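None of the figures in this text is laboratory data; all of them are computed from the coordinates on show. This is a predicted model, so every value here is computed, not measured. Positions of Cβ are generated from backbone atoms using ideal geometry, with glycine treated the same way; all protein chains shown enter the neighbour counts.
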Amino acid sequence: MPPSSIPNSTAYPHIKYYTHFVGDREWYKSIIKQTSFLTISPHVNLLPMNGIEQKLCFGQRNRKQLYLEGYLLTGSIVPGQSLSFQLNLYNPELNKIKKITATFVQYRKTASDHHKETILRVDLPGMNDFNESHLQRNFDLLVPAGYLTPTHTLTRTHNCSYYISVHYELRLQVNSDGIFGFFEVGVPVFVGTELTS
């Protein structure tokens, strides 16, 4: 079964499961009705992946020779964990950096419909009005605890035909002074459901 569309279960199309109970009573008493919502999800264990996982590198340069590179310290997480990454910023022309924003995004594709949802968005601390030639720093973004639809792709063709895909990305947006000062880079993140064996 396709997993529940969480966190947003209101944007269409979405997948939502529930049980509906109806209890018949005597004609002069009201009928008992109750609805309970369910979360359906595969178990995606990240423990085997962490032993063989390699760092995911990324990099981007703008027209002002401002170069941002780095890597994810871990490319797979579960909700409630920190998304850790290292940034190396090279600024030979001493451009003034207004801010660097990190956004953790969920992308869902259902048939031909595409939906993008921001899970977490934060301006990186210490990056406002930065104008030095080089910076190397580690950052940790705490992904909210609770259920997130795990990374997956599901295709069914017998009886009913559908295609569902969910994936995640960390996007880093750099805002500096002047024209051509904005640029961004993205790196995929794998989201699982558990870390136990």
_Positive-pole candidate from 120, 31, 6, dipole of the chain, charges at beta carbon_ = 31
*Just name one of 176, 110, 131: the one whose Cα is farthest towards the positive end of the charge dipole of the chain (beta-carbon charges, Lys/Arg +1, Asp/Glu -1).*
110
*In straight Cα distance, which lysines are under 23 Å from residue 33, not counting same-chain residues fewer than 8 positions off?*
16
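Taking the number of other C-beta atoms within 10 Å as the exposure measure, put 120, 89 in order starting with the fewest.
Lowest count first: 120, 89.
Mean residue ellipticity at 222 nm from the helices of the chain, using -39,500 (n - 2.57) per DSSP H segment of n ≥ 4 over the full residue count, to the nearest 500 deg cm²/dmol? Provide the component values of the computation, followed by the final result.
Values: 1 runs with 6 residues, N = 197.
Calculated mean residue ellipticity at 222 nm is -500 deg cm²/dmol.
Using the number of other C-beta atoms within 10 angstrom as an exposure proxy, rank 166, 44 with the fewest first.
On the way: 166 22, 44 17.
Listing 166, 44 from fewest to most nearby Cβ atoms yields 44, 166.
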*Within a Cβ distance under 13 Å of residue 127, other residues only, what is the Lys/Arg minus Asp/Glu net charge?*
+1
*Please work out which option in [x] 10; [y] 16; [z] 35 gives percent of Cα pairs over 31 Å apart calculated from these coordinates, and answer with its label.*
[z]
*asked:* Among 38, 154, 94, which one shows the highest mean-square fluctuation when the chain is modelled as a Gaussian network with alpha-carbon springs under 10 Å?
replied: 38
_Cut-off 10 angstrom, C-alpha nodes, Gaussian network model of the chain. Which of 99, 29, 116 fluctuates the most?_
29
